[in-house]
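Take a look at the structure set out below.
The values are calculated or read from the model by the stated rules, or taken from the named source; none is laboratory data. None of these values were measured; they are calculated from a predicted model. Cβ coordinates were reconstructed from backbone atoms using ideal geometry, including for glycine residues, and neighbour counts include every protein chain displayed.
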Amino acid sequence: MSRYFPDVEHAWKSSEAQFFVLDGELVISIDGIFSFESLLERMNPSSILVMELARNQPAVLLIFDILVADDCELLANHLLKGRRVRLEAFTDRFLHSSARIQLTPARTDRNVAQDWFNLVGASLEGVIAKQLDRPYDSGGRGAVVKVKKHQLMECAVGAIHLKNQGSSTSISAKLPPRQERYAIRYTSAGSHLDHVW
């Protein structure tokens, strides 16, 4: 985290917590909307650029859950209801004034959840419903349901072009042109290789 998110690491160092395991997600908000592209920009080999991005577009760690408490107690097998109480106590004690590390809100009131869901599409991509009577399910979906408004997305898959140039062969990726009214949004690019094994 120190290499790409020094702003968040600095916030951790400012807290007095020594040992803990949390579940969360890094986000960067641009004009009130979470920007995945801004997160990707942090994966830059230039430490100077990363520091500049951290100053101009600071990241926030949104905390969802606690798996090991500051007293080293393993909480992953505890039910969510109890973990949430411990998580709130942890954040009150160690992160009460941090702008870079924030506890995600949680409610059991369906009307509040519906109000949050109505905001989906602006700064939120969905809401998460969790079962209070379940332990933590690492990587599973047994205790968690992501509720999103479905949006359609088209993907253009690139082609690989082989070109012989004397004693070497080069490969480059090509995206097909599109004639529709929507612009192509590049998510990755291919590069050329000097030779093929």
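As a summary of the residue check, W116 satisfies the conditions (1) modelled with pLDDT under 75; (2) closer than 27 Å to F34 by Cα; (3) surrounded by 10 or more Cβ atoms within 10 Å (Cβ to Cβ) except for the one numbered (1). Among residues of segment 29-40 that are more than 16 Å from V8 (Cβ to Cβ), those with a beta-carbon under 7 Å from a residue that is of a type in the set (S, T, Y) at least six positions away or on a different chain give the pairs I30/S38; G32/S123; I33/S123. Taken as a whole, segment 53-60 holds at least one residue that is under 17 Å from the mean Cα position of the chain (by Cα), in contact (Cβ under 8 Å) with a residue 12 or more places away in the chain and closer than 23 Å to V144 by Cβ.
Starting from residues that are loosely packed, with under 12 Cβ neighbours inside 10 Å and either among the polar types (S, T, N, Q) or assigned to a loop (DSSP other than H, G, I, E, B) (or both), keep the ones in segment 122-148 and report whichever is modelled with the lowest pLDDT. Going through the qualifying residues, I end up with A122.
Tallying residues that are at pLDDT below 85 and over 17 Å from the mean Cα position of the chain (by Cα) within segment 13-40 yields 6. Quick one: would you say F90 is within 26 Å of G142 (Cβ to Cβ) and part of a strand (DSSP E or B)? No. Within segment 61-82, residues that are assigned by TED's automatic domain parsing to the domain that holds E25 reach partners that are acidic (D, E) with beta carbons closer than 7 Å, at six or more positions or on different chains, in the pairs L62/E25; F64/D23; D65/D23; L67/D23; L79/D133. Check whether at least one residue in segment 47-64 is loosely packed, with under 15 Cβ neighbours inside 10 Å, part of a loop (DSSP other than H, G, I, E, B) and out of contact with any Gly (no Cβ under 6 Å at 6 or more places or on another chain), and report yes or no. Among the residues of segment 47-64, not one is loosely packed, with under 15 Cβ neighbours inside 10 Å, part of a loop (DSSP other than H, G, I, E, B) and out of contact with any Gly (no Cβ under 6 Å at 6 or more places or on another chain), which makes the answer no. Among the residues of segment 13-46, those that are exposed (fewer than 11 other Cβ atoms within 10 Å of the Cβ) and polar (S, T, N, Q) comprise Q18, S46.
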